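Asker: Can you keep this structure in mind? I'll have questions shortly.
The values are calculated or read from the model by the stated rules, or taken from the named source; none is laboratory data. Since we're looking at a predicted model, the values are computed, not measured. Positions of Cβ are generated from backbone atoms using ideal geometry, with glycine treated the same way; all protein chains shown enter the neighbour counts. In case anyone asks, the SASA skips ligands and DNA or RNA and just uses the protein heavy atoms, side chains included. Shrake-Rupley method; radii C 1.70, N 1.55, O 1.52, S 1.80 Å.
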Amino acid sequence: MDVRAQMSMVFHLDKCIGCHTCSIACKNIWTDRKGTDYMWWNNVETKPGTGYPTAWEDQDKYRGGWECEDGELRLRSTSKTKTVFNIFHHPHQPSMDDYYEPWTYDYQHLFNAPEGPDQPTAVPISMVTGDLIQIKAGPNWDDDMGGSPVYAENDPNLAQLNPDQRAQMFAVERLMFFYLPRICNHCLNPACVAACPSGALHKRGEDGIVLVDQNRCRGWRACIPACPYKKMYYNWNTGKSEKCILCYPRLETGQAPACFHSCVGRIRYLGVVLYDADRIREVAGLPQDELIEAQRSLILDPRDPAVAAAARRNGVHDSVVDSACNSPTYRFVKEWKIALPLHAEHRTLPMLFYVPPMAPVMAQKTGTTVENISEDLFHDIDEARAPIEYMAAMFGAGNSGKVRYALRKQKAVRWYRRALTVGDVDMATADRMLREADCSAAEAEAIYKLTSLCTFEERFVIPPMHREEAIEMLADPMSHKQGVGFGFIEGPRRGL
Amino acid sequence: MNNTYFNALFFIGLPYVSVFTFFLMTIVRYRTHGFTYSSLSSQFLENRQHFWALMPFHYGILTVLGMHILAFLVPRQVAWWSSVPLRLWIMEIGMLAAGLLTLVGLVAAMVRRRANHKIAVVTTASDWVILALLLIQVLTGLGVAMMHPWGSSWFALAVTPYLYSVATLNPNLAVVSVMPWMVKWHVINAFLVIGFFPFTRLVHILVAPNPYLWRRPQVVRWYRRPAAAGR
Ligand code: SF4
Ligand code: SF4
C-alpha cells in the first residue's frame with residue numbers, strides 16, 4: 001500500500017445557479033494576462049450543450065484521455081513514437097477557433113469620437129490583433145440554450161441516446177438544462193502529465209495538485225489534446241502551457257481556491273483524501289463499467305489505523321490524516337456514494353466529483369392541483385425530463401446504475417426532510433424511500449446538513465500544507481527571507 | 001577586399017566568433033532566461049497552413065542537417081557510399097528533394113507569418129532575421145547542389161578537412177579558399193546562423209525532449225522529500 005494524499009473536490013450540481021462568479025474570480029486572479037485572455041481555468045457550461053472549447057467531449061476530434069486494449073493502457077492522442085512525429089504539428093490540437101477569439105471594446109472611441117448626429121459606440125476589437133472583429137463565439141456562448149438545435153443538439157453526450165430518448169429531450173414540454181462548472185480534475189492518472197515530452201507537467205506528491213513547471217515547458221503542446229477535459233491551455237504569447245493550479249498559493253496559506261471561496265450557490269466542497277497509489281495502474285485498466293466503483297475503492301478510510309500507519313510511513317503528515325477524517329469529499333464520494341466523476345471512461349481517474357442534478361420532476365395537472373404522474377415514488381428519476389442515460393453518459397461512464405443510485409438517495413433525503421419539516425408526506429413513506437435508497441435516517445440528516453446548512457469550514461477542509469518543511473528541504477530558509485514567495489523573479493515574456 | 005583578408009575574416013574570424021557566441025549565449029540564456037526556451041509554436045493561432053508549412057520544413061531540414069553532420073563526422077564512409085554511381089544518384093536526388101522540401105516549407109512559413117494577422121502579431125524581429133538567414137542558407141545549399149553537384153563525394157575531401165582544422169584550432173584555408181563562391185557563401189551563412197542561433201527561437205532544438213522516450217509516463221515531484229523521487 002502506497003498511501004498518498006490528494007486534494008479532492010465535490011461540485012453539487014443541484015445547487016449551481018450558473019452565475020459564473022467562480023469563473024470571474026479565477027480570471028481576475030490568474031488569467032487576465034496577455035496570452036491567457038481566452039483561457040477559463042474555471043468555466044461553467046450549460047448542459048445539454050457543446051461547452052468550451054466547442055464540443056470538448058468529442059474525442060473523435062480531440063483524441064483526449066486513455067484507451068485500454070487487452071489490458072494495455074495507451075494515450076489516444078500520442079505515444080513515445082508519435083511524439084517524435086507530432087512534435088512539429090499536432091494533428092489533434094485545438095486552435096483558437098475551437099475556443100473563441102478574445103475581445104474587448106474600443107472604449108476610447110466613446111470619449112474621442114467627433115461630434116455627430118449619432119451616439120458613438122464601442123466596437124469589439126480582438127485582444128490578439130487589435131483588429132475590429134465580429135464576435136462569433138464566447139466561453140459560455142450557449143448559456144441557458146438548453147433546447148437549441150445549434151448548441152444543445154450537438155452535445156456529444158447525446159450520441160449515447162437512442163432516437164426516442166433524443167426526441168424526448170427536445171420535446172418542448174420537457175426541455176431542461178443544468179449547469180456544469182468545470183476546473184482541472186487533478187487526476188490520479190493524468191493524461192496531460194503522461195503526454196508531456198518535457199517532463200514539465202507533474203503531480204505534486206504531497207497533495208496531488210497537477211502543475212506545469214513554466215521553466216521546463218517548451219511549448220510542445222502534447223498535453224492539450226491529451227487532456228480529455230480540455231483543461232490544458234496554450235498561452236499563445238509566452239509559448240507555454242498553463243492550467244488550473246487549484247490556487248495552491250491560497251491553499252498553502254489555508255484559504256480555499258478562489259472559485260470555491262466565491263461560489264454563490266455554495267456548491268463546492270474541498271477536502272483531502274488518502275488513496276492507494278499502488279493500485280492506480282490496475283484501476284485505470286479495468287473494464288469501463290467497473291471504473292467508477294474501482295476508483296471509489298482507491299480512496300482509503302483515514303480512520304482505519306492500518307491506513308493511517310501506512311500514510312505516516314509514506315511521509316503523509318499526521319495533520320493531513322486528521323484533515324482527511326473531516327473531508328467532505330470523503331463523505332460525498334465514499335460514504336454516501338452520491339458524487340461521481342465526470343467522464344470516468346477516459347481513465348484519468350479524475351478527482352473532482354459531481355453530485356448529479358435532479359432534473360425537474362414530471363407532473364400532471366388535474367383541475368387546479370399539480371401532482372405526480374405515478375404511484376412509484378422514484379418514478380421521476382427514470383422518467384425525468386433528461387433520460388438517465390444522458391446523465392450516465394457524463395457521470396456514470398455509461399453505467400446508469402451509479403447515477404440512479406445517487407439520484408434516488410438525493411430524492412429520498414428530500415422526502416425525508418419534507419416529512420419532517422413540511423409534514424405533507426407521512427413518515428412511513430419517507431422511511432420506505434430511505435430504505436429503498438440505501439440510506440439511514442442519520443445519513444439522510446448528514447447529507448441534508450452538508451448540502452443545505454454547510455458552513456465555510458465544513459465545505460472547505462484544508463490541511464496544513466507544511467510549506468515551511470518543503471523550503472527547509474530545498475534551500476536555506478534564511479535565503480528566502482524577504483524574498484518573493486512564488487512565481488517568477490523575471491517577468492514572463494515571449495522569446496528573447 | 002583583399003582575398004587573404006576576406007578569407008581570414010570569414011573563414012577564421014567568423015567561425016570562432018560564431019561558435020563562441022553560440023556556446024556562451026545558449027548557456028547564459030538557459031541559466032538566466034530559461035523560461036524563454038520554448039518552441040513558441042503558433043499552431044494554436046492558425047492550424048491549417050501550419051501543417052503545410054511546418055511539416056515539410058522540419059522533415060526537410062532535419063534530413064539535410066543530419067546528412068551534413070554525418071558527412072562531417074564520418075566523411076570517409078559517406079564518400080565510400082557515393083563511390084558507386086547509382087548510390088551517388090540516390091544520395092544526390094534524395095538530398096535535393098529534402099532541400100526543396102525545406103524551401104517549400106520555409107517559404108510557406110514566411111508567407112503564413114506575413115499573411116495571417118494573428119501570426120504576424122506574435123512574430124518578432126529576430127524571427128524575421130533567422131527566417132531570412134535560413135532562406136539564404138537553403139537557397140545557397142540548393143545552388144551548390146545544382147551548380148556543383150556530387151557534393152556527397154567532394155564534401156569529404158574539401159569541406160570536412162577545413163571544418164576539422166577549425167575544430168582543432170588549427171585553421172587551414174588551403175582547401176576552402178579555392179572553393180566556388182556559392183560554396184563559400186553557404187559556409188559563411190552557416191556560421192552566421194550558428195552565431196545568431198542563441199538569440200532566436202531556434203534554441204528549442206537544444207531542449208528537444210529525448211528523455212520522454214525513456215521515462216515512465218507519470219511524473220511526481222515531492223517537495224518535502226530530499227531527493228526528488230519519481231513514482
Ligand atoms: S483534468 Fe486534464 S489537465 Fe487536469 S489533471 Fe486531468 S488530464 Fe491533466
Ligand atoms: S459560482 Fe458556484 S453557483 Fe455560480 S456558476 Fe460557479 S459553481 Fe455555479
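Asker: Could you please find all residues in the stretch B:188-209 being in contact (Cβ under 8 Å) with a residue 40 or more places away in the chain, within 14 Å of chain A (Cβ to nearest Cβ) and not in a loop (DSSP other than H, G, I, E, B)?
Answerer: Residues of the stretch B:188-209 in contact (Cβ under 8 Å) with a residue 40 or more places away in the chain: B:188-204, B:206-207.
Those still in the list that are within 14 Å of chain A (Cβ to nearest Cβ) too: B:196-204, B:206-207.
Listed by number, the residues that qualify are B:PHE196, B:PHE197, B:PRO198, B:PHE199, B:ARG201, B:LEU202, B:VAL203, B:HIS204, B:LEU206, B:VAL207.
Asker: Moving to a separate point now. Please state which one of B:LEU173, B:LEU157, B:LEU163 is surrounded by 14 or more Cβ atoms within 10 Å (Cβ to Cβ) and in a helix (DSSP H, G or I).
Answerer: B:LEU163
Asker: So which helices (runs of 4 or more DSSP H) are wholly in the stretch A:384-477 and hold at least 1 residues that are surrounded by 21 or more Cβ atoms within 10 Å (Cβ to Cβ)? Give the derivation first.
Answerer: On the way: elements: A:388-395, A:400-421, A:427-436, A:441-452, A:456-459, A:467-474.
Those helices (runs of 4 or more DSSP H) span A:388-395, A:400-421, A:427-436, A:441-452, A:456-459.
Asker: Would you point out which residue out of A:SER323, A:SER297, A:SER327 is at pLDDT 95 or above, surrounded by fewer than 15 Cβ atoms within 10 Å (Cβ to Cβ) and small (Gly, Ala, Ser)?
Answerer: Details: A:SER323 fails: surrounded by fewer than 15 Cβ atoms within 10 Å (Cβ to Cβ); A:SER327 fails: surrounded by fewer than 15 Cβ atoms within 10 Å (Cβ to Cβ).
Exactly one residue qualifies, and that residue is A:SER297.
Asker: Suppose we filter B:TRP185, B:TRP150 for residues that are among the aromatic types (Phe, Trp, Tyr), within 20 Å of B:GLY60 (Cα to Cα) and touching a residue at least 40 places away in the same chain (Cβ under 8 Å); which single one remains? Give the derivation first.
Answerer: Values: B:TRP185 fails: within 20 Å of B:GLY60 (Cα to Cα).
Within the list B:TRP185, B:TRP150, the selection yields B:TRP150.
Asker: Kindly indicate which of A:GLY219, A:GLY265 is of a type outside the set (Phe, Trp, Tyr), within 16 Å of ligand 2 (Cβ to nearest atom) and either open to solvent by 10 Å² or more (accessible area, probe 1.4 Å) or part of a loop (DSSP other than H, G, I, E, B) (or both). Steps first, answer last, please.
Answerer: Working: A:GLY219 fails: within 16 Å of ligand 2 (Cβ to nearest atom).
Of the residues listed, the single one that is of a type outside the set (Phe, Trp, Tyr), within 16 Å of ligand 2 (Cβ to nearest atom) and either open to solvent by 10 Å² or more (accessible area, probe 1.4 Å) or part of a loop (DSSP other than H, G, I, E, B) (or both) is A:GLY265.
Asker: Scan the stretch A:252-260 and give yes if some residue there is in a loop (DSSP other than H, G, I, E, B), surrounded by fewer than 24 Cβ atoms within 10 Å (Cβ to Cβ) and within 16 Å of ligand 2 (Cβ to nearest atom), otherwise no.
Answerer: Taking the stretch A:252-260 as the starting set, the residues that turn out to be in a loop (DSSP other than H, G, I, E, B) are A:252-257.
In the following step, the residues that additionally are surrounded by fewer than 24 Cβ atoms within 10 Å (Cβ to Cβ) were identified as A:252-256.
With within 16 Å of ligand 2 (Cβ to nearest atom) added as a condition, the list becomes A:256.
Checked against the condition, which is being in a loop (DSSP other than H, G, I, E, B), surrounded by fewer than 24 Cβ atoms within 10 Å (Cβ to Cβ) and within 16 Å of ligand 2 (Cβ to nearest atom), the stretch A:252-260 yields at least one hit.
Asker: Would you mind finding the one in B:THR36, B:THR4 that is at the interface with chain A (Cβ under 9 Å from one of its Cβ atoms) and either closer than 30 Å to A:ASP98 by Cα or open to solvent by 50 Å² or more (accessible area, probe 1.4 Å) (or both)? Steps first, please.
Answerer: On the way: B:THR4 fails: at the interface with chain A (Cβ under 9 Å from one of its Cβ atoms).
Exactly one residue qualifies, and that residue is B:THR36.
Asker: Report, ordered by the first and then the second residue, all pairs with beta carbons closer than 8 Å, sequence separation of six or more or different chains, a first member in the stretch A:183-209 that is within 16 Å of ligand 2 (Cβ to nearest atom), and a second member that is of a type in the set (Lys, Arg).
Answerer: Once the first residue is within 16 Å of ligand 2 (Cβ to nearest atom) and sits in the stretch A:183-209, its partners that are of a type in the set (Lys, Arg) give A:ILE183/A:LYS231; A:CYS184/A:LYS231; A:CYS184/A:LYS243; A:ASN185/A:LYS231.
Asker: Something else about it: Give the stretch B:192-203 a look and list any residue that's more than 12 Å from the chain's Cα centre (by Cα) and of a type outside the set (D, E, K, R), or say none. Full working, then the answer.
Answerer: Here is the first cut: in the stretch B:192-203, the ones more than 12 Å from the chain's Cα centre (by Cα) are B:198-201.
Of everything in the stretch B:192-203, those that are more than 12 Å from the chain's Cα centre (by Cα) and of a type outside the set (D, E, K, R) turn out to be B:PRO198, B:PHE199, B:THR200.
Asker: Take the conditions surrounded by 22 or more Cβ atoms within 10 Å (Cβ to Cβ), within 16 Å of ligand 2 (Cβ to nearest atom) and either under 12 Å from the mean Cα position of the chain (by Cα) or among the small types (Gly, Ala, Ser) (or both) and apply them to A:PHE332. Does it pass?
Answerer: Criteria not met by A:PHE332.
Asker: Also, I was wondering about something else. In the stretch B:1-27, which residues are of a type in the set (Val, Ile, Thr) and either at positive phi or in contact (Cβ under 8 Å) with a residue 12 or more places away in the chain (or both)? Let's see the steps before the verdict.
Answerer: Pass one, the stretch B:1-27, residues of a type in the set (Val, Ile, Thr): B:4, B:12, B:17, B:19, B:21, B:26-27.
Of everything in the stretch B:1-27, those that are of a type in the set (Val, Ile, Thr) and either at positive phi or in contact (Cβ under 8 Å) with a residue 12 or more places away in the chain (or both) turn out to be B:ILE12, B:VAL17, B:VAL19, B:THR21, B:THR26.
Asker: For the stretch A:107-140, enumerate the residues that are buried (at least 17 other Cβ atoms within 10 Å of the Cβ), free of Cβ contacts under 8 Å to residues at least 40 places away in the same chain and not polar (S, T, N, Q).
Answerer: Selection gives A:ILE125 alone.
Conditions tested, residue by residue: (1) away from ligand 1 (no atom under 16 Å from the Cβ); (2) within 14 Å of another protein chain (Cβ to nearest Cβ); (3) under 26 Å from the mean Cα position of the chain (by Cα).
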| site | (1), (2), (3) |
| --- | --- |
| A:ASP155 | yes, no, yes |
| A:ASN162 | yes, no, no |
| A:ARG182 | no, no, yes |
| A:CYS187 | no, yes, yes |
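Asker: Quick one: in the stretch B:22-31, of everything that is open to solvent by 30 Å² or more (accessible area, probe 1.4 Å) and not hydrophobic (A, V, I, L, M, F, W, C), which residue is modelled with the lowest pLDDT?
Answerer: B:ARG31
Asker: Further, regarding this structure: Please go through the stretch A:300-320 and give me each residue that is outside any helix (DSSP H, G or I) and surrounded by fewer than 19 Cβ atoms within 10 Å (Cβ to Cβ), ordered by number. Spell out how you get there, then give the answer.
Answerer: Step one: of the stretch A:300-320, the residues outside any helix (DSSP H, G or I) are A:300-304, A:314-317.
Result: A:ASP301, A:ARG303, A:ASP304, A:ASN314, A:GLY315, A:HIS317.
Asker: How many residues are farther than 24 Å from A:SER23 by Cα and either in a loop (DSSP other than H, G, I, E, B) or aromatic (Phe, Trp, Tyr) (or both) when one looks only at the stretch A:151-164? Give the derivation first.
Answerer: Step one: filter the stretch A:151-164 for residues farther than 24 Å from A:SER23 by Cα, giving A:153, A:158-164.
Right, trim to either in a loop (DSSP other than H, G, I, E, B) or aromatic (Phe, Trp, Tyr) (or both) and you get A:161-162.
Number satisfying all stated conditions: 2.
Asker: Here is a further query. Of everything in the stretch A:192-244, what is at the interface with chain B (Cβ under 7 Å from one of its Cβ atoms), under 23 Å from the mean Cα position of the chain (by Cα) and under 16 Å from B:TYR212 (Cβ atoms)? Give them in sequence order.
Answerer: The answer is A:VAL193, A:ALA194, A:LEU201, A:HIS202, A:ARG221.
Asker: Based on what the data block shows, is A:MET127 away from ligand 2 (no atom under 16 Å from the Cβ) and more than 11 Å from chain B (Cβ to nearest Cβ)?
Answerer: no
Asker: Moving to a separate point now. Can you confirm whether the stretch A:56-68 contains a residue that is within 12 Å of ligand 2 (Cβ to nearest atom) and away from chain B (no Cβ under 14 Å)?
Answerer: Start the filter on the stretch A:56-68 by keeping residues that are within 12 Å of ligand 2 (Cβ to nearest atom), which leaves none.
Checking the stretch A:56-68: not a single residue is within 12 Å of ligand 2 (Cβ to nearest atom) and away from chain B (no Cβ under 14 Å).
Asker: Please list, ordered by residue number, the strands (runs of 3 or more DSSP E) wholly in the stretch A:1-100 having 1 or more residues that are surrounded by fewer than 21 Cβ atoms within 10 Å (Cβ to Cβ) and away from ligand 1 (no atom under 16 Å from the Cβ).
Answerer: Numbers: elements: A:3-12, A:43-47, A:66-69, A:72-75.
The qualifying strands (runs of 3 or more DSSP E) are A:66-69, A:72-75.
Asker: Pull up the stretch A:288-300, narrow it to residues that are touching a residue at least 24 places away in the same chain (Cβ under 8 Å) and out of contact with any Asp or Glu (no Cβ under 9 Å at 6 or more places or on another chain), then point me to the one that is farthest from A:PRO464 (Cα to Cα). Quick ask: steps written out before the conclusion?
Answerer: Step one: of the stretch A:288-300, the residues touching a residue at least 24 places away in the same chain (Cβ under 8 Å) are A:288-289, A:291-293, A:295-296, A:298-300.
From what is left, the residues that are out of contact with any Asp or Glu (no Cβ under 9 Å at 6 or more places or on another chain) are A:289, A:292-293, A:295-296.
Working: A:ASP289: 36, A:ILE292: 29, A:GLU293: 30, A:GLN295: 25, A:ARG296: 24 Å.
Here the residue is A:ASP289.
Asker: Then there is this: Identify the single condition in (1) at the interface with another protein chain (Cβ under 10 Å from one of its Cβ atoms); (2) modelled with pLDDT under 80 that B:VAL175 does not satisfy, given that it satisfies every other one.
Answerer: So B:VAL175 meets the others, but not (1).
Asker: Give the residue that is surrounded by the most Cβ atoms within 10 Å (Cβ to Cβ), with candidates limited to residues of the stretch A:146-201 that are basic (Lys, Arg) and in contact with a Leu (Cβ under 8 Å, 6 or more places away or on another chain). Spell out the reasoning first.
Answerer: Of the residues in the stretch A:146-201, the ones basic (Lys, Arg) are A:166, A:174, A:182.
From what is left, the residues that are in contact with a Leu (Cβ under 8 Å, 6 or more places away or on another chain) are A:166, A:182.
On the way: A:ARG166: 16, A:ARG182: 24.
In this case the residue turns out to be A:ARG182.
Asker: What is the residue count in the stretch A:230-259 for residues that are more than 16 Å from ligand 1 (Cβ to nearest atom) and not aliphatic (A, V, I, L, M)?
Answerer: Total satisfying the criteria: 10.
Asker: For A:MET176, all conditions in the list (1) more than 24 Å from A:VAL283 (Cβ to Cβ); (2) assigned to a loop (DSSP other than H, G, I, E, B); (3) within 14 Å of another protein chain (Cβ to nearest Cβ) hold save one; what is the number of the exception?
Answerer: Among (1) more than 24 Å from A:VAL283 (Cβ to Cβ); (2) assigned to a loop (DSSP other than H, G, I, E, B); (3) within 14 Å of another protein chain (Cβ to nearest Cβ), A:MET176 violates only (3).
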